[in-house]
1. Residues in region B:1-52 that are out of contact with any helix residue (DSSP H, G or I) (no Cβ under 6 Å at 6 or more places or on another chain) and not in a helix (DSSP H, G or I): how many?
2. Looking at (1) away from chain B (no Cβ under 12 Å); (2) part of a loop (DSSP other than H, G, I, E, B), which one does A:Thr73 not meet, given that it meets all the others?
3. Across region A:118-156, what is the number of residues that are farther than 22 Å from B:Thr36 by Cβ and outside any helix (DSSP H, G or I)?
4. Being surrounded by 21 or more Cβ atoms within 10 Å (Cβ to Cβ) and under 16 Å from the mean Cα position of the chain (by Cα) is the filter here; which residues of region A:1-20 pass it?
Amino acid sequence: MSDREIDQQLVERAQRGDKRAFELLVTKYQRKLARLLSRFIRDSAEVEDVTQEAFIKAYRALPSFRGDSAFYTWLYRIGINTAKNYLVALGRRAPTTTEFDSEDAENFDDGDQLRDVNTPENELLSKQIAKTVNETMDALPEELRTAIVLREIDGLSYDEIATVMNCPIGTVRSRIFRARDTIAERLRPLLETSKDKRW
Amino acid sequence: MEKISQLIDGDLGQWETRAQIARLEREPELADCWATYHLIGDALRKEIELGPEFTRKVRAQLDLEPAVLGPRVRLMQRTARHTLPIAAAVAGVTVVAWLAFQAPPNAPELALAPTPSILTPSPSNAGVADYLVAHQEFSPSTTMHGVASYMRTVSADESNGAR
């Protein structure tokens, strides 16, 4: 099933009153949405507040979501409107639709600019996570590293990765899982420090 | 855990996806795995990191929200996609059957009955009758539109015994 179809399944479960399904969507999209909103809200605390508000608004609006667009496109649109209203309420200039269009929101890329909006606390956590992930990636066997990079950064499907790496699709599946599992193991102590704070 | 990795990458079929999502909701350790794998992907793509309290705050706020009950449009659309063709076929058969059974039992005899007066001009206005016979294919009163032009019509005066 495609990513969109998986989201749709989670949405349908949430629409049947299953909050846990919506929480899974939150864990999936929280950083992407925050990154999107930080494009025009500079203060990291405000970014978090607006991101949180956007998720709650999305949850309330779930009955009106009919699956005509992808969930993330719909969520991003709500996020952008929430951010615009927030800026207007503060008397700041909200971005115009030509400056920021939800249609291409999912594709934007200005990562270097975004990394410095973190508060000291977030920045520390972010740096620790990034450091651990990068160190573990460097230590991974070449074939595991290549597989997960092709999947997570280049967005290739298992079929495409199998073609690029000239190996069976089952091997791709296994390599990506082993890479993730290895990194997750290394992250575990870091995440367990706030285990009750994370999902 | 490998299934969660596959789920995230869209590598599972429909039924297995449903099963894994159901497990994700039931088993917190799998939900942690889902969250961590997404975190790894976001870290590799250098997404912004939120504060450690973020998810807890959203969850707390969600707990205060009443459960939403949506229209389940997709389900209805899926149902409609399968049932509408069947309903259309049944409706078609019903209409045909209804029309067939509506025909009276002596219908063939009626079809063979002589066509009324239009082809039989009265002697009193024979000139008009000739005109009507000649143009009767254009008459809106005929019950055989479009067919009359292919028929040869004749008129006979039986009173003189001529044929």
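Coordinate-derived values only; no laboratory data. Remember, predicted model here, so these are calculated numbers, not experimental data. When we count neighbours, we look across all protein chains shown, and the Cβ atoms used for this are built from the backbone with ideal geometry, even at glycine.
1. Within region B:1-52, residues that are out of contact with any helix residue (DSSP H, G or I) (no Cβ under 6 Å at 6 or more places or on another chain) and not in a helix (DSSP H, G or I) number 4.
2. Every listed condition holds for A:Thr73 apart from (2).
3. Count: 1.
4. A:Ile6, A:Asp7, A:Leu10
Here is a yes/no grid of residues against (1) farther than 15 Å from B:Asp42 by Cβ; (2) more than 7 Å from chain B (Cβ to nearest Cβ); (3) in a helix (DSSP H, G or I):
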position	(1), (2), (3)
A:Leu25	no, yes, yes
A:Gln30	no, no, yes
A:Ala34	no, no, yes
A:Ile41	yes, yes, no
A:Glu46	yes, yes, yes
A:Ala54	yes, yes, yes
A:Tyr59	yes, no, yes
A:Leu62	yes, no, yes
